[in-house]
Each structure stands twice: as structure tokens, then as C-alpha cells.
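Below is one structure, written out as C-alpha cells, with a few remarks after it.
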Amino acid sequence: MTLSAVRVEAVVEESCGSCRYFCQAPHEIESQLPGMRSLGSGHASVRAADGICRKHDRYLGAASHCADYEHRI
């Protein structure tokens with residue numbers, strides 16, 4: 001019996017969290033949403049993996065996706 005090599009490829013999930021337009025930086029989120037500081041902070045755990053889409057100027061979750069996805073380099 002011989003063993004053969006198994007080829008494994010990483011699958012890139014095309015979601016906002018890995019898109020070049022997605023920003024999760026707390027300071028940038030706070031600057032884009034001035035009222036957020038009154039609710040807590042861009043560093044808050046309730047924000048989870050949410051961020052700002054720089055292409056569509058929207059606040060959304062990292063698991064979201066759209067047709068304008070471009071992989072972050």
C-alpha cells in the first residue's frame with residue numbers, strides 16, 4: 001500500500017471581514033460615527049467584528065458580503 005500526497009487549498013471566504021474596503025480600527029469607527037462614544041467605545045466588546053465599509057460608507061458585520069468584494073492584500 002502506498003500513500004499519496006493530499007493537496008489542500010485554503011479557501012478564501014469572500015466576506016467583508018477579509019475585504020480591502022473593510023476597516024475595523026476603533027479610532028476610525030469612532031471618527032465616522034461621532035455618537036458612538038456616548039454609547040460606549042469603538043473598542044467595546046459589543047461591536048464584535050463589525051466595521052466600516054469604505055467603499056459603501058456603511059457600518060456592518062464582518063460576515064456580510066457584496067459583489068464589490070476585493071481581497072485584502
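The values are calculated or read from the model by the stated rules, or taken from the named source; none is laboratory data. Remember, predicted model here, so these are calculated numbers, not experimental data. Using ideal geometry, Cβ is built from the backbone for each residue, glycine included, and neighbour counts are taken over all protein chains shown.
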Legend entry - Tally, over the range 18-48, of residues that are at pLDDT 85 or above and not in a helix (DSSP H, G or I): 7
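For the range 56-73, which positions are of a type in the set (F, W, Y) and assigned to a strand (DSSP E or B)?
Just the residues of the range 56-73 that are of a type in the set (F, W, Y), to begin with: 59, 69.
Matches in the range 56-73: Y59 only.
Mind listing just one residue for me: the one in the range 8-17 that is modelled with pLDDT of 60 or more and among the small types (G, A, S) and, of those, surrounded by the most Cβ atoms within 10 Å (Cβ to Cβ)? Please lay out each step first, then the result.
Narrowing the range 8-17 to residues modelled with pLDDT of 60 or more: 13-17.
With the extra rule that they be among the small types (G, A, S), the set shrinks to 15, 17.
Details: S15: 16, G17: 18.
For the range 8-17, the residue satisfying everything is G17.
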